[in-house]
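The values are calculated or read from the model by the stated rules, or taken from the named source; none is laboratory data. Only a predicted model underlies this, so the values are computations on that prediction, with no experimental measurement involved. Cβ atoms come from the backbone with ideal geometry, glycine included; neighbour counts cover every protein chain shown. The protein model used for the area step is the full one, side chains on, heavy atoms only, and it has no ligands, DNA or RNA in it. Shrake-Rupley method; radii C 1.70, N 1.55, O 1.52, S 1.80 Å.
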Amino acid sequence: MSSLVTNAAPDITAPAVLPDNSIGEFKLADQKGRYTLLLFYPLDFSPVCPAEIREFNARIGEFAERECDVVGISIDSQFTHQAWRNADAD
């Protein structure tokens, strides 16, 4: 089996919750030339991942300082992502 590290990622286009909290289209091709961390996780409203997702979000400024965008990806719909994003963290 060959390694996929350093190979270009396949183009992804999908409905998404954008940084301004609107729903629109995300295109991985728009990230070309930028460092991009793709954070894959199973579900928004599950007990498995909320702490990790919140920690990435709390450090989003540190990624930005390093010119790296963070893109979260799961099997949930864009509407579920938006509801999770707008939910009270407590």
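Could you list, in sequence order, the residues of region 15-26 that are without any contact (Cβ under 8 Å) to a residue 60 or more places away in the chain and under 13 Å from residue 72 (Cα atoms)?
Taking region 15-26 as the starting set, the residues that turn out to be without any contact (Cβ under 8 Å) to a residue 60 or more places away in the chain are 18-20, 22-26.
Passing the criteria: 18, 19, 26.
Restricting to region 1-41, what's the tally of residues that are of a type in the set (Asp, Glu), assigned to a loop (DSSP other than H, G, I, E, B) and either closer than 22 Å to residue 61 by Cα or open to solvent by less than 100 Å² (accessible area, probe 1.4 Å) (or both)?
Selection size over region 1-41: 1.
Looking at region 32-43, is at least one residue within 20 Å of residue 86 (Cβ to Cβ) and of a type in the set (Val, Ile, Thr)? No: zero hits. A count restricted to region 55-90 and to residues that are basic (Lys, Arg) and either farther than 19 Å from residue 22 by Cα or not in a helix (DSSP H, G or I) (or both) stands at 2. Residues that are surrounded by 15 or more Cβ atoms within 10 Å (Cβ to Cβ), in contact with a Leu (Cβ under 6 Å, 6 or more places away or on another chain), under 24 Å from residue 8 (Cα atoms) and aliphatic (A, V, I, L, M): does region 53-70 have at least one? Yes, some residue in region 53-70 is surrounded by 15 or more Cβ atoms within 10 Å (Cβ to Cβ), in contact with a Leu (Cβ under 6 Å, 6 or more places away or on another chain), under 24 Å from residue 8 (Cα atoms) and aliphatic (A, V, I, L, M). If I filter region 22-34 for residues that are at pLDDT below 85 and polar (S, T, N, Q), do I get at least one hit? So far as region 22-34 goes, no, none of its residues is at pLDDT below 85 and polar (S, T, N, Q).
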